[in-house]
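The values are calculated or read from the model by the stated rules, or taken from the named source; none is laboratory data. Note that the structure is predicted; figures quoted are calculated from it, not measured. For neighbour counting, all protein chains shown are included, and Cβ atoms are generated from backbone atoms with ideal geometry for every residue, glycine included.
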Amino acid sequence: MTSATGSQPWPDNGAGTLDLDACAREPIHVPGSIQPHGHLLAIEQGTLRIVRASAHAGAVLNRPLEDAFGQPIDRLLDADDLARLVAGLRNAPAEPVQLDILHLRSGSDHQAIAHRSGDLVILELEELAAAGVGTLEALYPQMREAIRRMQAAPSFDALLASTAQEVRALTGFDRVLVYRFDEEWNGTVIAEDGNGRLPSYRGLRFPASDVPQQARRLYALSRLRLIPDARYRPVPILAREAEAPPLDLSFSVLRSVSPVHLEYMRNMDTPASMSISVMDGDRLWGLISCHHAEPRQVSFAVRTACDLLGQVLSSQMIALERAEEADHRIRSKSIQARLLAHMAASERFVDGLAADPDDLLTLVNAEGAAILFDGHCRLIGHTPPQEAVEAIAHELAGQGIRDLFASHHLPADMQSAAGMEDSASGLLAISISQLHPSYLMWFRPEIVQTIDWAGDPNKPMDPTGRLSPRNSFESWKETVRGQSLPWRHGEVEAAGDFRNAIVSIVLRKAEEMAALNDELRRSNSELAAFSYSVSHDLRAPFRHVSSYAELLRSRAAGKLSDRELHYLNSIIEAAGAAGTLVDGLLHFSQLGRATLARKEVDVERLVAEVQHLLLPELQGRSIHWTVHPLPCVNGDPTMLRLVVQNLLSNAIKYTRERADTEIEIGCHTTADAHEFYVKDNGRGFDPAYSGKLFGVFQRLHREEEFEGIGIGLANVRRIVERHGGHVWAEGKLDCGATFHFSLPRSAAADPR
């Protein structure tokens, strides 16, 4: 007869002390031993023959243990009504059930608990205390009232408090804790009920190392565990075969536990404990943990009743959380609908997105937001500076974030957020374009937290250097900085839904814009061809009218009356003006059709050449020129010369009434463009009509005051826009005017 332990029951590091790492790796579901408050028998399901047994099981058998191996169980027990027990063993389920209260003729009563383990049936005979409640039927009235009170709890906190009270009332333990795991598997006591014999742990946090990963897996698999006395000595499981494989005791009610955990209990001054797993679906949500100041055993029926209360807590908790999530989802959908309505009503969806800042922030309960789209950044509420926001967006793009990103400790996750704790300890960001790195970002500020740990979580060794469980559970405070409130699941879900809606709008807008651009290109092409054809074909008739009218005047002027001569002169002037207009229209049309011959252009040199070219227009005037240093640009030199010539010619023309004429030419350079300007102190214009300045044949002054046909500035705009820039003007009547045009710094910039 040999011991079939399956693993070393007391992990040792070779120096006679406990090795915590070994304990963390220990397969605790095959400990090879049980607790001493009962007996374990492993039975072949078909023959009901005993193949393994705990070392002290001979006390309940009618022969020595070594003689019991290989014998059917009904020949080994001296008890009443074995037929019912045998029937239960043949149909044992996967999880433990109580088959019967076994009344041995020796006088002791045992709870017969059975379950399947592979090809074997595990029968556990757990001693029933004289005052112990043996059946669920006896507990039914108390359970019914407990469930009713739990279901009537008006809030989540009240439900947890009620659960702790009802479990303590059923079990009689000194202290019952409800212990919830966070995302890093630290556990916090969020509810407690006690009688004062043990200290309160409410609000304390226990580190994840207190419940190792393999222990959490076992808690999720087997929801109940009882340790009546932490000072027990394990009872080995014996087998007749020398090479018997380990016996899986995952569902065993008597399964021995890690010696490190027993030492942990002794350090906590809790000789007895019981735990009930609280599940959220398949995930271990937390534990109901019961403690007693002295050894305590509770019956399997009471434990089963507590397991039922744990399942009621799970279902009620899930129902409350789902109801809260549904309410939040309804509110967020309403906010989304309003935001999307603003976006749909705006010409640029970004304007609509920023139209209601309160709704945008309330959607995910943020304090600040930033919209980065099409090269522009809009800040709303409490955010980092624009430079920091753009750096964060650049880092998001560098990480390949194309959908959603969430962090409640951003300074630790992103280098670009370092020092931004006050406004950006939390970030929830969604990508709002599938083509470009554009983001909608929400920010949360730092929430300085003081965490009350149950002892120092960073102290794994005692003063002697011996690895052991923590031996102090007094409150140990830790201040956590650089973190915001975590983003709740419903908030992240709302952001994801909103992203899908925005992306669909952006794509639809892009499709509409692409179709509109195609139509505009076709229309512009047709209009350009038409204007070229009309202007080209009209030149000859107007010239004929003008030529024949002048010929008539030269030959018949003496024969015409003054009135007739006036009529003839009017015809000549009108034909000449019409010809000039046609020439301007033809030139304007040609500018739109000509191919850009790009090269490096020295704008400062170009200005000097144009100044020399315009000397005849000065008519003896004295003009004070101020020309600041001007950069080189990439563009068509012929077309850019026309831009400069038109602007300087206009400046000369509209300052002729000034005795002291001043014309200034300069440039402001940004990260993306060179912004040139021509400023004068001439007649100026009414800013209310600035939108007409760059239109074809648009004039703000009478021809009697200033000559021209209104085509020059239209040519300027067409040339600049073909280079990928834009034009604008500032002015005031009798206070001069400033005309601006920008050119991209990159030669690859797409023309508008």
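Here is how the numbers come out for the structure above:
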quantity	calculated
Residue list for region 268-303, filter: acidic (Asp, Glu) and over 39 Å from the mean Cα position of the chain (by Cα)	ASP269, GLU294
Top-ranked residue of region 160-184 - restricted to ones that are closer than 30 Å to SER407 by Cα and of a type in the set (A, V, I, L, M, F, W, C), ranked as surrounded by the fewest Cβ atoms within 10 Å (Cβ to Cβ)	PHE181
Yes/no for SER649 being among the polar types (S, T, N, Q), at pLDDT below 85 and on the phi < 0 side of the Ramachandran plot	no
Residue among ALA418, ALA454, ALA406, ALA393 that is modelled with pLDDT under 85, among the hydrophobic types (A, V, I, L, M, F, W, C) and either outside the structural domain of PRO199 (by TED's automatic domain parsing) or within 22 Å of the chain's Cα centre (by Cα) (or both)	ALA454
LEU85 being surrounded by 15 or more Cβ atoms within 10 Å (Cβ to Cβ), at pLDDT below 90 and farther than 15 Å from ALA239 by Cβ	yes
Residue within region 424-444 that is modelled with pLDDT of 85 or more and either assigned to a helix (DSSP H, G or I) or assigned by TED's automatic domain parsing to the domain that holds ARG266 (or both) present	yes
Of the criteria (1) surrounded by fewer than 20 Cβ atoms within 10 Å (Cβ to Cβ); (2) more than 38 Å from the chain's Cα centre (by Cα); (3) assigned by TED's automatic domain parsing to the domain that holds ASP307, which one ASP248 fails	(3)
Residue that is nearest to CYS735 (Cα to Cα) [pool: residues in region 632-672 that are among the small types (Gly, Ala, Ser) and buried (at least 20 other Cβ atoms within 10 Å of the Cβ)]	ALA651
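Residue by residue, here is whether (1) among the hydrophobic types (A, V, I, L, M, F, W, C); (2) crowded, with 19+ Cβ neighbours inside 10 Å; (3) touching a Ser or Thr at 6+ places or on another chain (Cβ under 7 Å) holds:
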| position | (1), (2), (3) |
| --- | --- |
| PRO64 | no, no, no |
| ASP67 | no, no, no |
| ASP80 | no, no, no |
| VAL121 | yes, yes, no |
| GLU124 | no, yes, yes |
| THR135 | no, no, no |
